[in-house]
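Engineer: Below you will find the structure I want to go over with you.
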Amino acid sequence: MDSEGSNKLKVSIIIPTYNERDNLEELFERISNAMEKAGYDYEIIVVDDDSPDRTWEYAEELGKTRGYPVKVIRRTKEKGLSSAVIRGFKEAEGDVFVVMDADLQHPPEKIPELVREIEKGADIAIASRYVPGGGVENWYWYRKLISKGAIMIGRVALPKIRHVKDPVSGFFALRREVVEKADLNPIGFKILMEILIKGTYKKVVEVPFRFGLRKAGESKLGGKTMINYLKHVYRLMKWEGEIDRLVKFSIVGTSGIVVNEGFLWFFVSELGMDKYIANIPATELAILNNFIWNDLWTFRDLRRYPLWKRLISFHVAALMGAIVQWLIYAPLVYLGMNYLVANLIGIAASFIVRFLFNRNVTWG
């Protein structure tokens with residue numbers, strides 16, 4: 001991009017660090033070359049959690065001896081990646097914030113491309129491993145599985161981000177306005193996901209990049225990673241109101257059981273219908289009951305499609321739930337499990353399937 005356009009923006013590059021001393025010289029040099037070549041005014045903000053290898057000290061030294069525009073924040077009481085990024089946001093002077101790791105797995109040469117997407121109208125530009133052209137280098141199969149699984153969980157549990165291919169990326173750019181009024185949680189595990197849920201934005205773009213090999217330092221992937229991630233997803237679901245929605249869906253489902261049982265009794269005992277045939281209208285009335293209450297209460301704010309489409313889709317969800325319930329129930333009984341316990345497991349699986357289908361499709 002020409003310098004005339006790019007000089008209008010100042011870019012703040014926020015880098016949380018812990019024991020990254022050995023990466024800093026190459027990192028700063030590559031950032032400087034990329035930003036100067038693109039003609040951007042920039043600053044580097046290093047937020048260090050009092051690293052034993054004195055990363056913070058070396059960052060200051062490089063700023064003084066090499067002339068890099070570095071601002072160093074040494075935190076001695078706070079710890080954590082998300083809180084470090086949030087602190088960087090508060091200290092940043094730029095119009096555009098870029099967040100990246102110091103381990104050189106995020107190529108600095110990609111920063112100008114992310115910023116250009118912001119200049120073209122995006123509010124958030126994500127360096128993505130999971131769009132065409134992106135990828136990861138030399139990951140074991142289980143790490144790829146964990147990453148894809150985490151993304152799937154996030155996209156299913158939080159419909160707002162379901163169109164984002166890599167919502168857990170640690171490398172992204174955004175306009176200052178996106179986070180200025182956002183109530184970001186400093187104990188959040190994946191700060192981008194937090195921003196995508198709580199930030200103020202309209203347009204998100206994803207730019208492909210290859211997630212590289214770590215040059216030095218220690219990997220952030222630990223044994224508690226997935227537990228912390230699931231806790232974070234739960235907190236975001238609660239903040240978004242998805243937990244309340246799940247509770248409402250459960251209450252409506254319970255009412256449907258009462259309707260089903262009540263009408264089944266009425267048709268058999270009072271009208272003398274065959275008990276097998278009576279189950280059909282009783283089930284349909286329960287489905288209609290559940291649809292009405294979910295449409296008026298659980299998903300009232302999400303009614304975008306015509307009533308008839310929502311009603312048909314709700315019936316499809318009920319059918320899918322019944323199939324899933326039977327597919328789980330039958331094998332478990334065959335394997336010797338008590339039929340009542342097997343049925344409960346089937347019901348639980350059916351409930352999850354119906355909720356997710358209705359949340360993402362019927363009222364998606």
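Engineer: With every protein chain kept in the model, how would you rank Trp239, Trp56, Trp141 by accessible area, 1.4 Å probe, largest at the top? Mind dumping the intermediate values first?
Structural biologist: Working: Trp239 120, Trp56 25, Trp141 185 Å².
Heavy-atom accessible area, descending, gives Trp141, Trp239, Trp56.
Engineer: If you don't mind, there's one more thing I want to ask. What's the FRET efficiency of Tyr305 with Glu36 using the Cβ-Cβ distance as r and R₀ = 35 Å, to the nearest 0.05?
Structural biologist: Working from the Cβ atoms, E equals 0.10.
Engineer: Please give, to one decimal in nm, the separation of the simple spin-label points placed at Arg176 and Asp53, each 7 Å out from Cα toward the Cβ.
Structural biologist: The two pseudo-label positions are separated by 3.3 nm.
Engineer: Identify all aspartates and glutamates with a Cα-Cα distance to Lys144 below 17 Å; exclude those on the same chain that are fewer than 8 residues away in sequence.
Structural biologist: Asp166
Engineer: Going Cα to Cα from Lys8, which lysines come in below 18 Å? Please leave out same-chain ones fewer than 8 positions away.
Structural biologist: Lys37, Lys120
Engineer: Roll a 1.4 Å probe over the protein chains and send me the accessible area per residue for the range 22-115 in Å².
Structural biologist: On the way: 3850 Å² over 94 residues.
Counting only protein heavy atoms, the per-residue value for the range 22-115 is 41 Å².
Engineer: How much of the accessible area of the range 233-307, in percent, comes from carbon and sulfur atoms when a 1.4 Å probe is used?
Structural biologist: Working: 3100 of 4750 Å².
Using a 1.4 Å probe with all protein chains present, the range 233-307 comes out at 65 percent carbon and sulfur.
Engineer: Ok, one more. In the chain, what % of DSSP beta bridges are antiparallel (nearest 5)? Show your work: numbers first, answer last.
Structural biologist: On the way: 7 of 31 bridges.
Restricted to the chain, the bridges split so that about 25 percent are antiparallel.
Engineer: P(r) for the chain, please, calculated from all Cα pair distances in 10 Å bins and given in %.
Structural biologist: The percentages, shortest bin first, are 5, 20, 26, 19, 13, 10, 5, 2, 0, 0.
Engineer: Less than 13 Å Cβ to Cβ from Asn289, Lys/Arg counted +1 and Asp/Glu -1: what total charge do the surrounding residues give? Present the calculation step by step, with values, prior to reporting the outcome.
Structural biologist: Working: positive: none; negative: Glu261, Glu284, Asp295.
Counting the neighbours of Asn289, the net charge comes to -3.
Engineer: Show Glu119, Glu177 ordered by accessible area, largest first, where the area counts protein heavy atoms only and the probe is 1.4 Å.
Structural biologist: Numbers: Glu119 50, Glu177 105 Å².
The ordering from most to least exposed comes out as Glu177, Glu119.
Engineer: Which ³J(HN,Hα) values, rounded to whole Hz and listed in residue order, are derived for the range 77-94 from phi using the Karplus coefficients 6.51, -1.76 and 1.60 in 6.51 cos²θ - 1.76 cosθ + 1.60 with θ = phi - 60°, glycine and proline given as x?
Structural biologist: Ordered by residue, 3J(HN,Hα) equals 10, 8, 9, x, 5, 5, 5, 5, 5, 4, 4, x, 4, 5, 8, 6, 9, x Hz.
Engineer: Okay, moving on. Taking a ≥ b ≥ c as the square roots of the Cα gyration tensor eigenvalues, with a/c under 1.5 meaning rounded and otherwise prolate when a/b beats b/c, else oblate, which class fits the range 1-96?
Structural biologist: Values: a/c = 2.62, a/b = 1.54, b/c = 1.70.
Judged from the Cα gyration tensor, the range 1-96 comes out oblate (a/c at least 1.5, b/c at or above a/b).
Engineer: Check the straight Cα-Cα distances from Lys248 and name the lysines below 27 Å, setting aside those fewer than 8 residues away within the same chain.
Structural biologist: Those lysines meeting the cut-off are Lys160, Lys198, Lys231, Lys238, Lys309.
Engineer: Between Glu119 and Leu340, what FRET efficiency comes out of the Förster formula 1/(1 + (r/R0)^6) with R0 = 41 Å and r the beta carbon distance, rounded to 0.05? Intermediate results must be reported in sequence, preceding the final value.
Structural biologist: Details: r = 62 Å, r/R0 = 1.51.
Here the calculated transfer efficiency is 0.10.
Engineer: Let me ask something additional. Can you give the accessible area of Leu81 in Å² (nearest 10), computed on protein heavy atoms with a 1.4 Å probe?
Structural biologist: 70 Å²
Engineer: Taking amide H positions as placed 1.01 Å from N in the peptide plane, with prolines and chain starts having none, which residues 5 or more places from Ala127, or on another chain, fall under 5 Å of its amide H?
Structural biologist: Amide H neighbours of Ala127, under 5 Å, 5+ apart: Phe171, Phe172, Ala173, Val207.
Engineer: Let me ask something else about it. Cα gyration tensor of the range 234-364, axes a ≥ b ≥ c as square roots of the eigenvalues: rounded (a/c below 1.5), prolate (a/b > b/c) or oblate? Present the calculation step by step, with values, prior to reporting the outcome.
Structural biologist: Working: a/c = 2.05, a/b = 1.25, b/c = 1.63.
Note, shape of the range 234-364 comes out oblate.
Engineer: Using a 1.4 angstrom probe on the protein heavy atoms only, could you order Arg304, Arg176 from most to least accessible area? Mind showing how you got there, number by number?
Structural biologist: Details: Arg304 150, Arg176 55 Å².
Sorted descending by solvent-accessible area, the residues read Arg304, Arg176.
Engineer: Please report the carbon-and-sulfur percent of the accessible area for the range 50-201; probe 1.4 Å, protein heavy atoms only, DNA, RNA and ligands left out.
Structural biologist: Working: 3380 of 6820 Å².
Within the range 50-201, the accessible surface is 50 percent carbon and sulfur.
Engineer: Using r as the Cβ-Cβ distance of Val361 and Glu91, and R0 as 30 Å, what FRET efficiency do you calculate, to the nearest 0.05? Don't skip to the answer; put the middle values down first.
Structural biologist: Values: r = 43 Å, r/R0 = 1.44.
Given R0 = 30 Å and the Cβ-Cβ separation, E is 0.10.
Engineer: Hey, in the GNM for the chain with a 10 angstrom Cα cutoff, which one of Leu264, Leu158, Leu24 fluctuates hardest?
Structural biologist: For the chain, modelled as a Gaussian network with Cα springs under 10 Å, the answer is Leu264.
Engineer: Still on this structure, please answer the following. Report the extension gain between Tyr142 and Ile352 in nm, rounded to one decimal, defined as 0.36 nm multiplied by the number of residues separating them, less their alpha carbon distance.
Structural biologist: On the way: separation 210, 0.36 × 210 = 75.60 nm, distance 2.55 nm.
Difference between extended and current length: 73.1 nm.
Engineer: Using amide H atoms built in the peptide plane, which far-off residues or other-chain residues are under 5 Å from Glu20 H to H?
Structural biologist: It is Thr55, by chain and number.
Engineer: Each residue of the range 26-32 in order: what ³J(HN,Hα) in whole Hz does its phi give by Karplus 6.51 cos²θ - 1.76 cosθ + 1.60, θ = phi - 60°, with x for Gly and Pro?
Structural biologist: 5, 4, 5, 5, 5, 4, 4
Engineer: Moving to a separate point now. Multiply the residue separation of Lys238 and Thr76 by 0.36 nm, subtract the distance between their alpha-carbon atoms, and state the gained length in nm to one decimal.
Structural biologist: Values: separation 162, 0.36 × 162 = 58.32 nm, distance 3.11 nm.
Residue separation times 0.36 nm, minus the Cα-Cα distance, leaves 55.2 nm.
Engineer: If you don't mind, another one. For the chain, what does -39500 (n - 2.57) per DSSP helix run (n ≥ 4), summed and divided by total residues, give at 222 nm, in deg cm²/dmol to the nearest 500? Show your work: numbers first, answer last.
Structural biologist: Values: 13 runs with 190 residues, N = 364.
Estimated from H runs of four or more residues: -17000 deg cm²/dmol.
The values are calculated or read from the model by the stated rules, or taken from the named source; none is laboratory data. The structure presented is a predicted model; accordingly, all values stated were derived computationally and were not measured. Note that we place each Cβ from the backbone using ideal geometry, even for glycine, and neighbour counts take in every protein chain shown. All accessible areas refer to the heavy atoms of the entire protein, side chains included, with ligands and DNA or RNA removed. Shrake-Rupley method; radii C 1.70, N 1.55, O 1.52, S 1.80 Å.
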